[in-house]
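Here the structure is laid out as structure tokens; the discussion comes afterwards.
The values are calculated or read from the model by the stated rules, or taken from the named source; none is laboratory data. Quantities reported herein were computed from a predicted structural model and do not represent experimental measurements. Here the Cβ positions follow ideal geometry from the backbone for every residue, glycine too, while neighbour counts run over all protein chains shown.
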Amino acid sequence: MSEAVLPGRNRAAKVSVFFALGSFGAMANLATPIGWLNPPIFVGLALLCALIAVPAGHVGRFRARRLSGAGRAWPWRASSAAG
């Protein structure tokens, strides 16, 4: 992901979004015939992505507070989150 796609300095939040989408994609793969050939692989991949996304999201949230809301997903909530 480039800076033009996701502006901001909060890299941990970007990592969290990437792995959350990866987890969703792995679970969505079960809706296809290839996902039913070996479901434990896709469920395991979704679990692994989720286990990375959750702590990275928490780090990103703490970093956003330290940056006074810069890099948060919702810019209109940045002022209320800082206080």
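Of the candidates 60, 44, 35, the single residue that is more than 19 Å from residue 12 (Cα to Cα), of a type outside the set (Asp, Glu) and either under 13 Å from the mean Cα position of the chain (by Cα) or modelled with pLDDT of 95 or more (or both) is 44. Which numbered condition trips up residue 66, out of (1) modelled with pLDDT under 90; (2) surrounded by 14 or more Cβ atoms within 10 Å (Cβ to Cβ)? Going through the list (1) modelled with pLDDT under 90; (2) surrounded by 14 or more Cβ atoms within 10 Å (Cβ to Cβ), residue 66 breaks only (2).
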